[in-house]
1. Could you tell me the calculated FRET efficiency between A:Gln531 and A:Glu418, based on Cβ-Cβ distance and R0 = 35 angstrom, to the nearest 0.05?
2. What FRET efficiency, computed as 1/(1 + (r/R0)^6) with R0 = 56 Å and r the Cβ-Cβ distance, is obtained for A:Asp237 and A:Gln373, rounded to the nearest 0.05?
3. So who's got an amide H within less than 5 Å of the one on A:Gly261, skipping anything under 5 residues away but keeping other chains? H placed 1.01 Å off N, in plane.
4. Farthest toward the dipole's positive end in chain A, which of A:Ile479, A:Leu272, A:Gly187, given Cβ charges of +1 (Lys, Arg) and -1 (Asp, Glu) about the Cα centre?
5. Determine how many Å³ per residue the convex hull of the Cα atoms of region A:378-437 encloses.
6. Along the charge dipole of region A:468-522, which of A:Ser513, A:Ala494, A:Leu468 sits closest to the positive end, that is, farthest toward it, with unit charges on the beta carbon of Lys, Arg, Asp and Glu (+1, +1, -1, -1)?
7. Note the full-extension length gain between A:Gln338 and A:Glu104 as 0.36 nm times their separation in residues minus their Cα-Cα distance, in nm to one decimal.
8. Once both labels are modelled 7 Å past Cα along the beta-carbon direction, what's the A:Thr432-A:Asp133 spacing in nm?
Amino acid sequence: MKSFRLILYLVTESNKFFLDSLFAPNRCYCLTINHTTLIMVAQRVRTRFAPSPTGYLHVGGLRTALYNYLFAKKMDGDFIIRIEDTDQSRKVEDAQKNLIKTLEWAGIVADESPEHGGDYGPYVQSERLDIYDKYCRQLLNDQHAYYCFATHEELEENRQLQIKQGLQPKYNRKWLPEEMGGTMPAGIIKQKLDKGLPYVIRMKVPDYVSVWFEDIVRGPVEFDSATIDDQVLMKSDGFPTYHFASVIDDHFMEFTHIIRGEEWLSSMPKHLLLYEFFGWEPPKVAHLPLLLNPDRSKLSKRQGDVAVEDYIRKGYSADAIVNFVAMLGWNEGEGSEQEVYSMEQLIQKFSLERVGKAGAVFNIEKLNWLEKQYIKNRPAEKLVAIIKPILKAELEQKKSLMPLEIITSDAYLEKVIELMRERVGFEHEFVTFSSYFYFEPETWDEEAIKKRWSVETNNLLKGFAVLLDSLDDFSAENIEILLKEFVAPKGLKAAALIHPLRIVASGVSFGPSLYHLLEVLGKETVLRRIQVGIEKINYVD
RNA sequence: GGCCCCAUCGACUAGUGGUUAGGUCAUCACCCUUUCAAGGUGGUAGCACGGGUUCGAAUCCCGUUGGGGUCACCA
């Protein structure tokens, strides 16, 4: 029972730390002030991420999961994954596995989930059908729900008619029984039931009551029940709808906080009504602002990648994505100018109170910048471990003229990393963007040749190659001295040789310091490339 | 359309009655420099609008406008 903190948090945010330090975590606390005793019951925070297994993990879903996770961990509570597979027709094979795998990739590991189990299972809704059935029956008994035999066609017809009449499309309550205030005689319902005709079960939304609740991020929100439809609770295939299943599960899995996207805000009153029917205490809720396309519509395919898997494939790291997505709608607040946060720091600093209300545009440029920050600061060993498999895969496709044991060594890769870490945007670019560290150039930047070559260039290279060959210590410093001494008596600038050297050595006109580049490549490779370059580059004035 | 939510630079945001409206990304200029980056310095750029309340409003209230979400036997 660790979440003593939760209750204090809810009761008195400002006194939290004061009270926190007064009591050791336990189940029950008594506080007596002026003969008045305040009793607090500890309750461990439990949050959930409840995706449906219909495919990939959406970045919005990742953020929702992350906020649930951060909040739970911050409060010393548990984060749970539940799979909402009540629509069997949309179920996608392996989606559940991928969802959980992708979350774990991001560092979001559930305390309870279908894969890892827990005390509140099963964690897949299709395995909880008997529970929904039982509680649906209870609602039926209590006259909070009723059978409805309307067909899809009938419903659609009714809808069209209402639209034509300028009314709001809403279920017409044709099957609401007489004893519940409707017009359908019990006999007819029984008749249909006996015949075994397909039906759904609808909840009866009370007329003209006001449903009010306090949203943690939005404050008070109010709905009029007259605008709420008699929601289907059980579908004709015997599966519950989302609304019903999630309320039942949220209750029995004892979640203390529901943190989800704003798209759920308008179904909140239905859920609240269900809690009321059952006499259960609803959890606290927080509706997160939506993630937006650049045109400010709800983030969607069509306008770029939305699957976390897409970003993984492109080479974004978990650190950067988590960091980025966390900042979309949350910030530490006044006084902080921190941009880069580790998961630990996020857990430490996160709070639902500081989640914003307005939607946030998913801005890829900031993500790119963050990714670079991480690459700049990631320890070389870590990068080596990431790059090596990429290089090895590449080496299976392409032959290298350089000694394999050297270019695949940690020492060599670390040198490449130090030269390139401020020049790459993704980890894989240490290989793909810097292939000249491992493979011979096959093309030589034409624009650059035009700009940097003169009639003398090839001879200069040839002459310098001889000097390089005689250099025993092939270090950047020595190469620099040698080059300057070579060029000075000729009345040339160092640049006259530097640029051509870079081009023959790498094929491109940009990259790290030339001297360091040559040092890392090594004498043998450099001499070979000068030779090949001279042969291949035909300068025409 | 009904209902609900939202509104500070192009983007992410700080700001909770008194600030020259701050930071980050992007962008521009300059510096550094063998290239490309990185880094440094500086700049452009914002409180949607209209009414109140108040000595004083980005901040509180009302309205308008704009945007979004939602109105399924999908979640």
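1. For A:Gln531 and A:Glu418, the calculated efficiency is 0.80.
2. 0.65
3. Residues meeting the amide H criterion: A:Leu288.
4. Going by the Cα projections, it comes out as A:Gly187.
5. Taking the convex hull of the Cα positions in region A:378-437, it is 74 Å³ per residue.
6. Ranked along the dipole, the leading option is A:Ala494.
7. Extending this stretch completely gives an extra 81.7 nm.
8. That separation, rounded to one decimal, is 5.1 nm.
Here, each number is a calculation from the coordinates, and none is a lab measurement. Because the structure is a prediction, the values reported are computed rather than measured. Reconstructed Cβ throughout: ideal geometry from the backbone, glycine too, with neighbour counts over all protein chains shown.
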